[in-house]
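J.: Quick one: this structure, given as structure tokens, is what I'll be asking you about.
The values are calculated or read from the model by the stated rules, or taken from the named source; none is laboratory data. Quick caveat, the model's predicted, so the values are computed rather than measured. Here the Cβ is made from the backbone with ideal geometry for all residues, glycine too, and neighbour counts use every protein chain on show.
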């Protein structure tokens, strides 16, 4: 047994990881169960920031991610969109990543058009699309949105869009929500939007696991709430569902909680592998000392 | 002139941005410079495309190792670009049915949409998902408790790995939580912190934030000094060697 683990081929590890992810996906998919979630303070803060806004507030949703991180960020983007819909907020979608526009289209098609067809484009939500320039875009739109966004993603002039009437810059937004997979992302929104206008722009965000440690220094003053990876998304999703879910919740609104299953088993495998690797290391070292 | 003009543009733009930040009356200058930056960033896509063509074509013509991948890159680039720019398969906008190109490039059913949905999305997701396999293999082979620092790292990893799942809550559920206590004493708060989910937050809030703040302040000071050198023309390395 010891020799087997000592010379363990990496393909066995790959197989174990595959099973640890695939089996929970299958079981959760079949039995429609999720693990109980206990929302912590950061997810609760995100929920409260959105929930405490008066109905019909203006919310800017910046989807700065692409299909590579959809698995981690897609569920929180879904939950953000659903929460805004339930609160009747006006949603202004933008993207600083080239493929962010497709992420917005996904949210619009899967949630708004599929489940809330009564919401009208241009009156309840608008997709302003992608603009090149990274933090340069943020720097301009904090003072003059129309300088860059002369049209929406469909090519309609912003002057002709009802919900764009009177919107000059993003300081007029009641809240900015950013879903971030890296650069440009939450860090740039904090540095170029919140920091110059701390009293006018409020920001909450959701980000990938590797990004979260880098964003903690901005909490709580510049960033009152943060959803870190699928765990944060799961906590936030459970809060949204507890208040607005009702009965017979569609599976797409429980995606974050469902993905916690594979994550749990994969994390346990990682712990097992680290312990096994260390046991082998210490046994070998002991044998080496004896020799 | 070839080096002086870019140097002047960079220097003036940089100083305008600094002045605009501190003097409200000059704020519009800063906005104008930011717009120039955004226009340049959009043009950079064209330059990037041109550079991609040049590098890949050179690789193919020289028959360098891996030239087949370069060919695939080129074909993918050209096909995707053509489908997007020419809006192949796209229906005209309902408002302007007489104009063939009035539709959007990524309408459902267009070749562009098809390639995005069935090539880009699965490829990117696959590459990202493969990380899990390599991280697991690396954890088994390289994560050794060789010294005190490594032991601390290991302990932190265990806490975070467990604390970010339902297992963390389950394993330390026997420890009383202070959430439901109205005014918890210091001891009650301390005991509650030992719950894995709270310990994770504690590690991230205290040790991680302190370390990251120190790094960020260091980076900020370094960035300020390098920026000043660039604006004053002391550091000209960003202009390149000048040899073509």
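J.: Going residue by residue through segment A:24-45, is there one that turns out to be part of a helix (DSSP H, G or I), touching a strand residue (DSSP E or B) at 6+ places or on another chain (Cβ under 7 Å), surrounded by 21 or more Cβ atoms within 10 Å (Cβ to Cβ) and more than 14 Å from every other protein chain (Cβ to nearest Cβ)?
T.: No, segment A:24-45 has no match at all.
J.: Pick from A:148, A:223: which is on the phi < 0 side of the Ramachandran plot and at pLDDT below 90?
T.: Among A:148, A:223, only A:148 is on the phi < 0 side of the Ramachandran plot and at pLDDT below 90.
J.: Residue under question is residue A:71, and the condition is that it be outside any strand (DSSP E or B) and free of Cβ contacts under 8 Å to residues at least 12 places away in the same chain; does it hold?
T.: So residue A:71 does not fit the description; no.
J.: Just give me the residues in segment A:89-130 being over 18 Å from the mean Cα position of the chain (by Cα), in a loop (DSSP other than H, G, I, E, B) and surrounded by fewer than 22 Cβ atoms within 10 Å (Cβ to Cβ), in sequence order.
T.: Those that are over 18 Å from the mean Cα position of the chain (by Cα), in a loop (DSSP other than H, G, I, E, B) and surrounded by fewer than 22 Cβ atoms within 10 Å (Cβ to Cβ): A:116, A:117, A:118, A:119, A:120, A:122, A:123, A:124.
J.: Right, another one. Within segment A:5-23, which residues are more than 8 Å from chain B (Cβ to nearest Cβ), over 27 Å from the mean Cα position of the chain (by Cα) and free of Cβ contacts under 8 Å to residues at least 60 places away in the same chain?
T.: A:7, A:9, A:11, A:12, A:15
J.: Oh, and also: Scan A:177, A:141, A:167 and give me the residue that is more than 12 Å from every other protein chain (Cβ to nearest Cβ), modelled with pLDDT of 90 or more and more than 16 Å from residue A:101 (Cα to Cα).
T.: That would be A:167, the only listed residue that is more than 12 Å from every other protein chain (Cβ to nearest Cβ), modelled with pLDDT of 90 or more and more than 16 Å from residue A:101 (Cα to Cα).
J.: State all residues of segment B:25-69 that are within 11 Å of another protein chain (Cβ to nearest Cβ) and more than 28 Å from the chain's Cα centre (by Cα); if no residue qualifies, say none.
T.: Within segment B:25-69, B:27, B:28 qualify.
J.: Does residue B:135 satisfy the condition of being in a helix (DSSP H, G or I) and either more than 10 Å from chain A (Cβ to nearest Cβ) or crowded, with 18+ Cβ neighbours inside 10 Å (or both)?
T.: Here the answer is no, as residue B:135 does not meet what is asked.
J.: I'd like to know if segment B:104-113 contains one or more residues that are more than 9 Å from chain A (Cβ to nearest Cβ), assigned to a helix (DSSP H, G or I), at pLDDT 90 or above and under 22 Å from residue A:265 (Cα atoms).
T.: The answer is no; no qualifying residue exists.
J.: Can you pull out every residue in segment B:71-103 that is within 32 Å of the chain's Cα centre (by Cα) and not in a helix (DSSP H, G or I)?
T.: B:86, B:87, B:88, B:90, B:103
J.: Just to be sure I understand, how many residues within segment B:101-114 are over 19 Å from residue A:129 (Cβ atoms) and surrounded by 12 or more Cβ atoms within 10 Å (Cβ to Cβ)?
T.: 2
J.: Look through segment B:138-153, keep the residues that are at the interface with another protein chain (Cβ under 7 Å from one of its Cβ atoms) and assigned to a helix (DSSP H, G or I), and return whichever of them is surrounded by the most Cβ atoms within 10 Å (Cβ to Cβ).
T.: B:140
J.: What helices (runs of 4 or more DSSP H) completely inside segment B:185-241 contain at least 3 residues that are touching a helix residue (DSSP H, G or I) at 6+ places or on another chain (Cβ under 8 Å)?
T.: Passing ranges, in order: B:196-202, B:209-231.
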